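S.K.: Take this structure, written in structure tokens, and hold onto it; I'll ask about it next.
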Amino acid sequence: MDGLDTLKAKYLAAIATAADESALEEVRVGALGKKGEISALMAGLGKMEPDQRKAAGAMLNVLKDEIDAALRARKSGLADAALDARLKSEWLDVTLPARPRRTGTIHPVSQVMEELTAIFADMGFAVAEGPQVESDWYNFDALNIPPEHPARQEHDTFFMNRAAGDDRPPHVLRTHTSPVQIRAMTEQGAPIRVIAPGRVYRMDMDQTHTPMFHQVEGLCIDRDVSMANLKWVLEEFCRAFFEVPSVELRFRASHFPFTEPSAEVDIRCSWEGGQLKIGEGDKWMEILGSGMVHPKVLKAAGVNPDEWQGFAFGMGIDRLAMLKYGIPDLRAFFESDLRWLRHYGFAALDLPTLPAGLSR
Ligand code: PHE
């Protein structure tokens with residue numbers, strides 16, 4: 001049994017250098033497995049003399065236990081190391097903010113529509129809708145613009161084709177959002193408080209006009225609604241929309257067939273250094289048309305003018321977007337140039353709300 005020390009040194013070295021659990025298992029099988037070297041020696045004890053067997057058996061058992069303990073210690077060491085390596089390679093910083101993938105942006109017109117919807121919703125206005133291809137009755141007649149009225153020419157209307165032989169008046173691409181006043185009142189009656197954002201069409205094209213643009217209509221009908229309410233609502237809107245502490249509005253007498261009296265509204269601003277500032281300065285900029293809804297319009301929509309009255313207004317949405325976000329040319333709004341959209345667009349998940357701020 002002289003070779004036992006050599007055997008011990010050999011196996012302890014093999015155990016210490018086993019690189020992983022399967023290499024270690026090979027060492028174990030080689031020493032203590034059924035056909036292992038130590039097991040063979042133990043099997044050989046049977047052929048020894050009793051005295052010899054006792055001494056050799058004790059030494060072999062000690063060796064076996066030592067190797068066993070070394071295997072166990074190495075095995076748990078390797079398992080810890082494996083776990084450490086796994087933890088290191090699968091490590092993830094959950095506090096790291098996600099990288100925004102800017103594959104798409106919200107168009108400034110959509111952004112402004114969301115913003116003004118949030119502001120007017122806060123004042124009790126619901127959103128109403130109407131078709132873009134409109135009958136001339138809704139677009140004109142019901143709004144107190146009869147066929148011979150000069151306002152029809154001023155609207156630069158696009159007309160739809162009628163089938164040959166059909167001589168009813170042609171439908172039009174709506175020239176303003178005001179027909180939604182008629183539709184909303186016909187459907188809901190009074191009292192009513194709605195806004196109607198949407199596309200409108202006129203034959204016009206230059207730096208500040210495109211054949212398709214966007215308006216938002218406002219309509220508020222109740223028993224005692226007055227111009228004073230109109231003024232407050234518009235001031236409140238402008239303050240919230242332009243995100244300034246105060247604004248000053250100027251009401252100028254004007255004329256629309258569907259309101260009486262009518263007013264165009266200007267906002268105080270300054271253009272100093274080529275930069276627009278709302279609420280200060282000595283310039284005025286027109287932003288909308290408004291007035292008290294004409295009794296004939298109420299009547300056309302089935303609302304009794306002896307019982308109900310109220311105001312309406314119409315604003316250009318694209319214009320609001322240009323003013324608020326400093327966009328110089330309206331035509332670029334509708335050219336779908338990706339560089340423009342990335343520059344002026346808004347992050348898709350940032351919905352404007354009053355408590356969180358409209359434009360962040
Ligand atoms: N419809 C008018 C326009 O397009 C705006 C307006 C709406 C004026 C409502 C008064 C009341 O110019």
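S.K.: Can you tell me which residues in segment 334-360 are closer than 24 Å to V180 by Cβ and in a helix (DSSP H, G or I)?
M.R.: F334
S.K.: Now for a different question. Residue under question is A69, and the condition is that it be out of contact with any Cys (no Cβ under 9 Å at 6 or more places or on another chain) and in contact (Cβ under 8 Å) with a residue 40 or more places away in the chain; does it hold?
M.R.: Values: out of contact with any Cys (no Cβ under 9 Å at 6 or more places or on another chain): yes; in contact (Cβ under 8 Å) with a residue 40 or more places away in the chain: no.
Taking the combined requirement at face value, the residue does not satisfy it.
S.K.: Separate question: In the list G310, G273, which residue meets the criterion of being out of contact with any Cys (no Cβ under 9 Å at 6 or more places or on another chain) and of a type outside the set (K, R)?
M.R.: Details: G310 fails: out of contact with any Cys (no Cβ under 9 Å at 6 or more places or on another chain).
Sole residue among the options that is out of contact with any Cys (no Cβ under 9 Å at 6 or more places or on another chain) and of a type outside the set (K, R): G273.
S.K.: Additional query: Can you name the residue in segment 176-201 that is open to solvent by 60 Å² or more (accessible area, probe 1.4 Å) and not acidic (D, E) and is also nearest to the ligand (Cβ to nearest atom) among such residues? Outline the logic, then answer.
M.R.: Applying the first criterion (open to solvent by 60 Å² or more (accessible area, probe 1.4 Å)) to segment 176-201 yields 186-188, 191, 193, 199.
From what's left, not acidic (D, E): 186, 188, 191, 193, 199.
Values: T186: 17, Q188: 18, P191: 18, R193: 14, R199: 13 Å.
Only one residue tops the list, namely R199.
S.K.: What is the residue count in segment 203-228 for residues that are open to solvent by 50 Å² or more (accessible area, probe 1.4 Å), modelled with pLDDT of 95 or more and within 14 Å of the ligand (Cβ to nearest atom)?
M.R.: 1
S.K.: Identify the single condition in (1) of a type in the set (S, T, N, Q); (2) within 30 Å of H343 (Cβ to Cβ); (3) in contact (Cβ under 8 Å) with a residue 24 or more places away in the chain; (4) touching an Asp or Glu at 6+ places or on another chain (Cβ under 7 Å) that Q275 does not satisfy, given that it satisfies every other one.
M.R.: Tallying (1) of a type in the set (S, T, N, Q); (2) within 30 Å of H343 (Cβ to Cβ); (3) in contact (Cβ under 8 Å) with a residue 24 or more places away in the chain; (4) touching an Asp or Glu at 6+ places or on another chain (Cβ under 7 Å), Q275 fails exactly one: (4).
S.K.: How about segment 247-287: which of its residues are more than 16 Å from the ligand (Cβ to nearest atom), open to solvent by 70 Å² or more (accessible area, probe 1.4 Å) and in contact with a Gly (Cβ under 8 Å, 6 or more places away or on another chain)?
M.R.: E248, W271, E272, Q275, listed by residue number.
S.K.: Restricting to segment 1-33, what's the tally of residues that are open to solvent by less than 60 Å² (accessible area, probe 1.4 Å), outside any helix (DSSP H, G or I) and over 24 Å from G77 (Cβ atoms)?
M.R.: Residues in segment 1-33 being open to solvent by less than 60 Å² (accessible area, probe 1.4 Å), outside any helix (DSSP H, G or I) and over 24 Å from G77 (Cβ atoms): 1 in total.
S.K.: Among the residues of segment 15-29, which ones are touching a Gly at 6+ places or on another chain (Cβ under 8 Å) and modelled with pLDDT under 90?
M.R.: Passing the criteria: none in range.
Residues are listed down the side, and each one gets a yes or a no for (1) open to solvent by less than 40 Å² (accessible area, probe 1.4 Å); (2) assigned to a loop (DSSP other than H, G, I, E, B); (3) closer than 19 Å to A228 by Cβ; (4) away from the ligand (no atom under 16 Å from the Cβ):
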residue: V297; (1), (2), (3), (4): yes, no, no, no
residue: V303; (1), (2), (3), (4): yes, yes, no, no
residue: L320; (1), (2), (3), (4): yes, no, no, no
residue: A332; (1), (2), (3), (4): yes, no, no, yes
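S.K.: Where residues in segment 34-67 are in a helix (DSSP H, G or I) and among the basic types (K, R), which of them is surrounded by the fewest Cβ atoms within 10 Å (Cβ to Cβ)? Break it down into steps so the answer makes sense when it comes.
M.R.: Keep residues of segment 34-67 that are in a helix (DSSP H, G or I), which gives 37-47, 50-67.
This time we only want the ones that are among the basic types (K, R), so: 47, 53-54, 64.
On the way: K47: 8, R53: 15, K54: 12, K64: 17.
It comes out as K47.
S.K.: Taking the condition touching a residue at least 24 places away in the same chain (Cβ under 8 Å), away from the ligand (no atom under 16 Å from the Cβ) and not β-branched (V, I, T), does E307 pass? Give the derivation first.
M.R.: Numbers: touching a residue at least 24 places away in the same chain (Cβ under 8 Å): yes; away from the ligand (no atom under 16 Å from the Cβ): yes; not β-branched (V, I, T): yes.
When the stated conditions are applied, E307 passes them.
S.K.: Moving to a separate point now. Restricting to segment 311-356, count the residues that are in contact (Cβ under 8 Å) with a residue 40 or more places away in the chain and at positive phi.
M.R.: Qualifying residue count, segment 311-356: 1.
S.K.: Moving on. Sort through F159, F120, F140 and tell me the only one that's touching a helix residue (DSSP H, G or I) at 6+ places or on another chain (Cβ under 9 Å), away from the ligand (no atom under 13 Å from the Cβ) and farther than 26 Å from C238 by Cβ. Can you show your working first?
M.R.: Numbers: F120 fails: farther than 26 Å from C238 by Cβ; F140 fails: away from the ligand (no atom under 13 Å from the Cβ).
Every option except F159 fails the conditions.
The values are calculated or read from the model by the stated rules, or taken from the named source; none is laboratory data. This structure is a prediction, so every number in the text was calculated from the model and none was measured. Every residue, glycine among them, receives a Cβ derived from its backbone with ideal geometry; neighbour counts consider all protein chains shown. These accessible areas exclude ligands, DNA and RNA; they are computed on the full protein's heavy atoms, side chains included. Shrake-Rupley method; radii C 1.70, N 1.55, O 1.52, S 1.80 Å.
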